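What follows draws every value from the coordinates through simple rules; no lab data is involved. Please read all numbers here as calculations on a predicted model, not as lab measurements. When we count neighbours, we look across all protein chains shown, and the Cβ atoms used for this are built from the backbone with ideal geometry, even at glycine.
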Amino acid sequence: SSASDEPDYGHDIGLFEDNHTEFGKEYGFGEQSFGNAKLEYSSQAPFHMGFYHESAVVYTLAGFLKQTYADYRAREFLALARFAFKTGHPYWGYRFLGWGLHYLQDLTQPYHARVMPAKGTTGLVWMNLLNTVGISSPQTEAIQQLSNRHLALENFQRNLMIAVYQQKRKPGAMWKALTDLQLDDSYDPAANGYIRQIVAGEAASSASEVDSILEQQLPESIATDGNYVYKGVGAEDDIYAMLEKKGTTNTLVNALTPVFQRVGAHTRNYIRLGLSQE
């Protein structure tokens, strides 16, 4: 489980040609597909997201969205893990499996599977048209709004789980969903396109609903102000505490429960596949 956290700490930094690193010129990934190539941590974003379920119109206008590598990373480290186990290197088998699991779980997160769920195809096209004629503020504000909601969602999930653990409460719906085995056998993790079509597809399909609930439940500054920067790191940024105080946590928990159920199923299936020698 500790290995599954490691890819966020430098695995995918500076791997593109325009990231001004020596190794970035050698990997063959080309120029960074989106994000600011001059910002160090921005360079990891294309490796941790997978926009495989946008409309044809969006891909036509923004073909760079096809250049994401979370699916590639998940399958790469799965293959390395299975090879390590097969050749008698269990330490590296589990380490590689944990690394690959990180990318699989990234693709279960709605904001990692849809580029901008609040806008839809029409909104994205309109912003793109405005941007081409030099009116960039709508796009800039929409990106900041997206970032705020994305970080707020992850902050809520983290602090909810910490609260349940530290306060020794009875396991809530999200904890139970993670450990629910009912869905496990309904998936075939060895199937072609499983990660791209099923794992990312489910997250993409839930993105609009989750985004809409966040828009309604979050403080207005975080939810809708494109000039406000939410960092999600301080005690004052605790979204779970904010919604708990308002008595509205259940709305978001109910929307996230099926997401967590799928996270649990895909996590277990990926590990089983990695340990299998069939």
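Using 0.36 nm per residue of separation minus the Cα-Cα distance, give me the extension gain between residue 164 and residue 224 in nm, one decimal.
On the way: separation 60, 0.36 × 60 = 21.60 nm, distance 2.89 nm.
Difference between extended and current length: 18.7 nm.
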**Prompt:** Summing -39500 (n - 2.57) over the DSSP H runs of n ≥ 4 in the chain and dividing by its residue number, what mean residue ellipticity at 222 nm do you reach, to the nearest 500 deg cm²/dmol?
**Reply:** -18000 deg cm²/dmol
**Asked** Which ³J(HN,Hα) values in Hz, rounded to whole numbers, follow from the phi angles of the stretch 187-197 under the Karplus curve 6.51 cos²θ - 1.76 cosθ + 1.60, where θ = phi - 60° and Gly and Pro get x?
**Response** 10, 10, x, 8, 5, 4, x, 4, 5, 5, 7
**Fill in**
In whole angstrom, the spacing between the Cα centers of the stretch 96-118 and the stretch 51-87 equals 10 Å
**Asked** Quick one: Karplus J couplings for the stretch 150-165, per residue in order, coefficients 6.51, -1.76, 1.60, θ = phi - 60°, nearest Hz, x for Gly and Pro?
**Response** 4, 5, 5, 4, 5, 5, 4, 4, 4, 6, 5, 5, 5, 4, 4, 6
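Stretch residue 184-residue 26 to full length: gain in nm at 0.36 nm per residue minus the Cα-Cα span? Working shown, then result.
Working: separation 158, 0.36 × 158 = 56.88 nm, distance 3.97 nm.
Residue separation times 0.36 nm, minus the Cα-Cα distance, leaves 52.9 nm.
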**Request:** For the stretch 245-278 and the stretch 178-222, write down the distance between their C-alpha centroids in whole Å.
**Result:** 8 Å
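Given Cα pairs under 8 Å that are at least 6 residues apart, what percent is the relative contact order of the stretch 49-275?
On the way: 276 pairs, mean separation 67.0, N = 227.
Once normalised by length, the contact order is 30 percent.
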**Asked** Ranked from highest to lowest mean number of other Cβ atoms within 10 Å per residue, what is the order of the peptides 34-45, 114-125, 198-209?
**Response** 198-209, 114-125, 34-45
**Asked** Once phi is turned into ³J(HN,Hα) by the Karplus curve 6.51 cos²θ - 1.76 cosθ + 1.60 with θ = phi - 60°, what whole-Hz value does each residue of the stretch 104-113 show in order, with x for glycine and proline?
**Response** 4, 5, 4, 6, 8, 8, x, 6, 8, 10
